1. Volume per residue, Å³, of the convex hull around the alpha-carbon atoms of the stretch 33-73?
2. Under 1.5 on a/c is rounded, so check that first for the stretch 234-330, then, if it is not, pick prolate when a/b is larger than b/c and oblate when it is not; a ≥ b ≥ c are the square roots of the alpha carbon gyration tensor eigenvalues.
3. With every protein chain left in place and a probe of 1.4 Å, what is the accessible surface of T278, to the nearest 10 Å²?
4. More than 16 Å apart: what percent of Cα pairs in the stretch 372-416 qualify?
5. From the square roots a ≥ b ≥ c of the eigenvalues of the alpha-carbon gyration tensor of the stretch 262-416, which class results: rounded (a/c under 1.5), prolate (a/b over b/c), or oblate?
6. Which value, in Å³ per residue, describes the convex hull spanned by the Cα atoms of the chain?
7. Give me the angle, in degrees from 0 to 90, between the Cα long axis of helix 4-32 and the longest principal axis of the Cα atoms of the chain, rounded to the nearest 10.
8. Sort the following peptides by mean Cβ neighbour count (other Cβ atoms within 10 Å, averaged over residues), highest first: 319-326, 147-154.
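The values are calculated or read from the model by the stated rules, or taken from the named source; none is laboratory data. As the structure is a prediction and not an experimental result, all values here were calculated from the model. For neighbour counting, all protein chains shown are included, and Cβ atoms are generated from backbone atoms with ideal geometry for every residue, glycine included. For accessibility, only protein heavy atoms count, side chains too; no ligands or nucleic acids. Shrake-Rupley method; radii C 1.70, N 1.55, O 1.52, S 1.80 Å.
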Amino acid sequence: MKTREELQHKWYKKGEKYAKAINEMVAFGTEHGWDKWEGEEAEDKRGKIAKEVIELLREANANGAVEQFRKEFPPAHAPIVSMLDEKGGYIGDLCCISEGVIAFMQGTSYESRQAYVAEGTVLTALDKEIRSIGQSMQSKVYAIAYADKIVTRRGWDGEVIAEFHLENLINTGITRLIPFNDGQKVLFISSEGIYLLYPNQVQLLHPEPEEEDDDDYGTQIDMENATLSYDNEYIVVGDQGSDYLILDANGHKIGEVGPQSSYPHYCLFSKDDKQLLTNSCHFYNGISIGVNTEKLQGANIPGWEEHEDITYLDEGMRVYAGVSLKDYYILGDAYGYIRAIHKEGRELWQHFLGSTISGIVLSDDEQTLYVGTHAGILHKLTLNKAVRDTHTIGTANIYEDFRLLIWKNEEKVLVW
């Protein structure tokens, strides 16, 4: 058993050395090309002491000494990887409520789920019957799914706008909910189809049967994903076996955009609605392209080939979550990175968190970013602020205020 001082010295020095080596490798590859890199990739060798360090973190939380603990033991991902199969899990469906307050879901659509509100580092568990939550692209409208209905509200605790009875969708796991800005419709995304919900109607958007009398037709899909434009004029839907379909606000098809990698995986509009980003993946990598929104009406962009109407935005990421700012996107990928990608197609910065990114939400003033991962961790990040320590991996000015370890079989949430 090592003393605290020995653990602290090893954790800090080895972590600092590892982050420095990774950052130098990335800087070299970015400047000279990865084909010129001849060195070995750095390895974080702190896994053997990770459980002892986490035990010290528990003590720091119990004693109100987290701030000092973090100075001595800056957080890291690689050392705790062996613990994540038992402890980790999905943190996603993030919704911004007000400054310093967000809501989110723990658990995927096919798992037992729990909704929380996080106010700073304090978590409050919500009604156990909540199955999913979602936020409109504009105007602070929220959708909350219960056992048999979805309710939209103006403001998190505000007036009820509408109720949507789920009928045949009662037992369907919800991948994502996006209420329209007026709260009168909801985009319902699931592995059993993507639907447009009205208070008294359920409209299947994707997939559609080729023939109305097709008895073998089913709605099961994989890699289901969809989005709304910020002004709600466009709906975009896709899955592993289809192109991206561009629909109007009432669900009528107006165009089609093919994937540039194997399978459609994620889509998002720019903040000004002038560009649609679509991402397609192959294993853990992918390609993201941008399409001018003015080209969507009647679009017929084929997959897997260059086209005059597309801009290549990124050719590395399999994207799982993202947000839009004025001139760029922040996208989270399968490898645990968030990256800022300009609408013209260049990387502005990258920042490593670890594990697959499962949710991102941006504060109203666009200065604070909350990121959830499949490691069961929620990160609060301040943008455009000097990094906190020499253990940060990335090229961005990002200051991590804290991370919450919301782990299975853990008595309390651990603040780090």
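1. Convex hull volume per residue, Cα atoms: 100 Å³.
2. Taking the square roots of the gyration eigenvalues as a ≥ b ≥ c, the stretch 234-330 is rounded.
3. Using a 1.4 Å probe on the heavy atoms, I get roughly 10 Å².
4. More than 16 Å apart: 44 percent of the Cα pairs in the stretch 372-416.
5. Judged from the Cα gyration tensor, the stretch 262-416 comes out prolate (a/c at least 1.5, a/b above b/c).
6. That works out to 147 Å³ per residue.
7. 50
8. Final packing ranking: 319-326, 147-154.
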